[in-house]
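Enquirer: Pasting a structure below so you can have a look.
The values are calculated or read from the model by the stated rules, or taken from the named source; none is laboratory data. Keep in mind the model is a prediction, meaning the values are calculated, not measured. Ideal geometry is used to build each Cβ from the backbone, glycine not excepted, and the neighbour counts take in all protein chains shown.
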């Protein structure tokens, strides 16, 4: 989800305006479709790395992941409120 928030921020700040994703039902060409797919790809790539880190040191991995919950939640909230 953090990947989607970062990509949406970039789209709003650096690219020309596009239709609001909330008003479009579905189209394979809308940017929201691609952002979600890229986010899923990034998650799929990170999962084995996190699993290996957890096997090496579970306590440290849990500490790092739990510390990232609030920043990711803030990114999603900011994206949802300011960059719909």
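Enquirer: Has the stretch 21-35 got at least one residue that is modelled with pLDDT under 80, assigned to a loop (DSSP other than H, G, I, E, B) and within 21 Å of residue 75 (Cα to Cα)?
Expert: Looking through the stretch 21-35, none of the residues is modelled with pLDDT under 80, assigned to a loop (DSSP other than H, G, I, E, B) and within 21 Å of residue 75 (Cα to Cα).
Enquirer: Still on this structure, please answer the following. Of (1) surrounded by 11 or more Cβ atoms within 10 Å (Cβ to Cβ); (2) modelled with pLDDT of 85 or more; (3) more than 16 Å from residue 3 (Cα to Cα); (4) under 17 Å from the mean Cα position of the chain (by Cα), residue 67 satisfies all except one. Which?
Expert: (1)
Enquirer: So which residues in the stretch 49-64 are loosely packed, with under 12 Cβ neighbours inside 10 Å and under 22 Å from residue 6 (Cα atoms), if there are any at all?
Expert: 49 - this is the single residue of the stretch 49-64 that is loosely packed, with under 12 Cβ neighbours inside 10 Å and under 22 Å from residue 6 (Cα atoms).
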